[in-house]
Each structure stands twice: as C-alpha cells, then as structure tokens.
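Novice: My questions all concern the structure below.
The values are calculated or read from the model by the stated rules, or taken from the named source; none is laboratory data. What you see is a predicted model; the values in this text were computed from it and never measured. Neighbour counts are summed over all protein chains in view; Cβ atoms, including those assigned to glycine, are modelled from backbone coordinates with ideal geometry. Calculation scope for accessible area: heavy atoms of the full protein, side chains included, ligands and nucleic acids excluded. Shrake-Rupley method; radii C 1.70, N 1.55, O 1.52, S 1.80 Å.
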Amino acid sequence: MDFENMWSERLKSLKGNAIREIFKLLQNPEIVSFAGGFPTLGLLPQKEIKEITDDLLTGEGALKILQYGGTEGYTPLLESGLKYASRFGVKGELKNTLVISGGQQGIDLMFKAFINPGDRVLVENPTYLACLHILKTYQGVAVGVDSDDDGLNIDDLEAKIKKHQPKILYIVSDFSNPTGKTLSLEKRKAIASLTAKYGVVVIEDNPYGEIRFSGEKLPAIKSFDTEGNVVYVTSFSKTIAPGLRCGIAVADEKIIRKMTIGKQAVDVHTSNLSQAIIDEYLRRGYLEPHLKEIVPVYKTKKDAMQNAIEKYMPLDKIKFTNPEGGLFIWGEFKDKSADLDKCFVDCVTKTKTAYVAGSSFFADEGINHCLRFNYSNATVEQIETGIKRLAAYFKENF
Ligand SMILES: Cc1ncc(COP(=O)(O)O)c(C=O)c1O
C-alpha cells in the first residue's frame, strides 16, 4: 500500500532525526564516533540497579509496581524528584511536580499543551535538535535567538519577543547540547524577569547540570521565577540511566495539570518499575558516589579532546567551545561557506571518524559551517586519533 496521500499534515514532511540517521552510517566498528550523546556505557550503574530491582520485585510492594499507576507519577519519586530539582534551587510541592518519561517527554508535553500550528517558540541558536523536531510535529515555528559565550543574548531575546510574540522560550541552562555553553547567573535572572514581563513561558531544560567539571554550580532560572512562567525539566538519563526513561518537571500547578492530561493520552504513566528504581537509587544515597565516579571520567575525556583540538586542529580556521561540563564541544568555521553537511560522508569514509554536522541544531536552514563533537563514547586514545584525523581532513579541505 502507498501511504503517501495518507500521512498527517504534522508528520508528512518530517525527516528522521539527523542523529538517528547517522547511526545507520556508523555500523562499521572501525569508526571512531563523536556523533552520539549517550552516557559512557561502562559507567551505567548496573550493579546498584540490579540490587534495587531485586529488592523491589521481592518486597511487599512488588505487585503494586506491576499494576497501573497514577499519571502524575509514583508519589515517593515525586518527593525525591523534587529534592533532586532542589539541587539547583528549584522549589515546589507535589502539585507542582510531574514524573515524565525522560526530559524529551517534558518538551513534548509542553508543546502539546501550548502550541497551535504557526505559534512561535524562541530557541537559542543553535539548540537541542529534538526540541526543533518535536516542535515541527505540532506545526509550531522555531525562531532562533543569538547566542554569546555565556549563553542567550538578552538584547536579541527582547527584540525577538517583541517582534514574534512567542508563547514559549526553550533553553538549556547548563552545558547546552550542542554547544556546551552555560548561561551566566546575570542572564538567568534577566531571562526570568524579561519573560515574566512579556508573559512568555520558559521551558528550562537541565539534563546535564550535575556533569560539571569546573566553575561554580548555578541556580536554575526557575529559582528566580516569581510569576510561575518557568517550567523546569530535568532527567535522570545522564546522571543514572537513560534506558529507564525517567525525568521530572516542576511547574505552576495549572501547567502540570495540562501536561498530565497530555501525558495520560500518550503513555498513561512512566513505567512504575523505572520510577521505583530511580526513587530507591536516590533514597539509598547512590547518586552522590555515582557522580563522583562519572564526572571525573567525563572530565578526562573532555580534557583529552580539548588537548587534541589544541594540538592538531587548524585553530585559525575553526573555533571551539571549552565547556565546564556536559558531553559536547562545538566547533564553528570562520568561513561560513565551509559545508560540514556536504563533506560528511566523504569525511567519515576517509577519516573513519564521525561528528554531527551543526545544521540540524539551528532554527534557520542553511547554516552548515558548524559541527558538534561528543566525547563520552570514545576512549581517550580514540579521541586523540579521531581529532588528529579530522584535523588533517579539515586542513586539506577547508
Ligand atoms: C538538551 C537535552 N534535553 C533533553 C534530552 C532528553 O533526554 P531524556 O529524554 O533521555 O531525558 C537530551 C538528551 O540528549 C538533551 O541533550
């Protein structure tokens, strides 16, 4: 059957997420991949999760975990999730909290609740590509806001709010994906007050905040929210395990209610077993020692990438970010005609090293001179080799 005339308006022109498509190209085990964004596989806390799962499924509450639950979430996790969010100064009560099936679902439920076809959403340029993808499925329009070294440009934010009257601003406050940039404290306060003044809802997405290598931990934008317009979305994907698909949203009660109604229609509730595992993991005090184990490993990998960049890359041609945490480094060629999309297959074939071309992270089309590197899925040796090979390719081709 040919379905071409049957697809919904929402999805008919949408292509697959660029990164998922790249994965198909990377089946060759010889390839060093800086393309994904997964946590390091060997760092996932298998032993603790097995212990907790065994306890949960042999304990008194086992049958309850296997039964349906409430859409809002498993109450113990709502409590421990609020405590998790409070690590960034976010406050709330149970009525302000929703368990979500990963941070990505938080973005989806927000757009589902607020976005009609044609509605505008401001995003940092560049931004998390899944946010752009989700927005398209609701036929919303992303408008890019300029970005400085310390995050969103506040003058441009105000100008774009006035010009486009957006309903929502989406922002990754710590170690953004794709750039690794972190919003300064002043900008966090400015975003809270500007968006309150103009009546713009903020989705503050913070999956990477705990992966900090240097600098001081900063309070979330949500901690400066006086009008209830900031929705804080966080996740356990990068701090515990992404396969459990669990996150937390903290927001005004009315927004939580709408997100809950939206969630009811999608997955009824996040897996009870996942929720109970995450809750026990937090209550047993496993998070702190786990972070002490994983953050130094990510720092070592990030330092290895930064050192290799300094040693091999043609820095007169391409500028890189130097993040204080997270999983990504971002590169921008000075020559805007450098096309990292066009050369991708040739580059991967010749260098056996993969990056993600930056174009898919922009609200606007045709920005092809940037790229994203991830360092969590390669060894220190592979990082050195991969950057050396890419540097040689870039010197030869740009
Ligand atoms: C900025 C950002 N937000 C949200 C997510 C979604 O994570 P999850 O749905 O696994 O919690 C990611 C994952 O890569 C991300 O980079």
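Novice: Using only Cα atoms, figure out Rg for the chain and give it as a multiple of 2.2 N^0.38 Å.
Specialist: For the chain, the normalised Cα radius of gyration is 0.98.
Novice: So for the range 46-283: antiparallel DSSP bridges make up what percent, rounded to the nearest 5? It would help to have the intermediate numbers written out before the result.
Specialist: Working: 10 of 27 bridges.
Percentage antiparallel, nearest 5: 35.
Novice: State in Å² the accessible area per residue of the range 46-283; use a 1.4 Å probe, count heavy atoms of protein chains only, and round to the nearest integer.
Specialist: Computed with neighbouring chains in place, this is 40 Å² per residue.
Novice: For the range 293-398, report the accessible area per residue in Å² (1.4 Å probe, heavy atoms, rounded to an integer).
Specialist: Averaged over the residues of the range 293-398, the accessible area is 43 Å².
Novice: Would you tell me the accessible area of Ser80, worked out with a 1.4 angstrom probe on the heavy atoms of the protein chains, in Å² to the nearest 10?
Specialist: 10
Novice: A follow-up question, please. Where the only charges are on Cβ atoms (+1 Lys, Arg; -1 Asp, Glu), what is the dipole of the chain about its Cα centre, to the nearest 20 debye? Could the numbers behind the result be given before it?
Specialist: Values: 51 positive and 52 negative charges, 34 e Å.
It comes to approximately 160 debye.
Novice: For the range 190-257, give the magnitude of the charge dipole about the Cα centre (Cβ charges: +1 Lys/Arg, -1 Asp/Glu; no others), in debye to the nearest 20.
Specialist: 160
Novice: Looking only at GluC sites (Glu not before Pro) in DSSP loops with at most 14 other Cβ atoms within 10 Å, what is the longest site-free stretch of the chain?
Specialist: Within the chain, the longest run free of exposed GluC sites (Glu not before Pro) spans 228-364.
Novice: When DSSP beta bridges are limited to those with both residues in the chain, what percentage is antiparallel, rounded to the nearest 5?
Specialist: Roughly 50 percent of the DSSP beta bridges within the chain come out antiparallel.
Novice: Could you pull out every residue, at least 5 positions away or on a different chain, whose amide H is within less than 5 Å of the one on Val143? Hs are placed 1.01 Å off N in the peptide plane, and Pro or chain starts have none.
Specialist: Val121, Leu122, Val123
Novice: When the accessible area of the chain is computed with all protein chains present and a 1.4 Å probe, what percentage of it is carbon and sulfur?
Specialist: With neighbouring chains kept in place, the figure for the chain is 52 percent.
Novice: Name the lysines eligible as straight-distance cross-link partners of Lys162: C-alpha to C-alpha under 23 Å, and not fewer than 8 places from it in the same chain.
Specialist: Within the straight-line cut-off, Lys162 pairs with Lys136, Lys187, Lys189, Lys197, Lys222.
Novice: Suppose a student asked you for the relative contact order of the range 46-283, using Cα pairs under 8 Å spaced at least 6 residues apart; what percent would you report?
Specialist: 30
Novice: Related question: Straight-line reach from Lys342: which aspartates and glutamates have a Cα under 19 Å away, not including same-chain ones fewer than 8 places off?
Specialist: Within reach: Glu21, Glu332, Asp364, Glu365, Glu396.
Novice: With each run of n ≥ 4 DSSP H residues scored as -39500 (n - 2.57), what mean residue ellipticity at 222 nm is computed for the chain after dividing by its residue count and rounding to the nearest 500 deg cm²/dmol?
Specialist: Estimated from H runs of four or more residues: -13000 deg cm²/dmol.
Novice: Between the range 172-189 and the range 347-398, how many Å separate their Cα centres?
Specialist: Measuring centre to centre over Cα atoms gives 23 Å.
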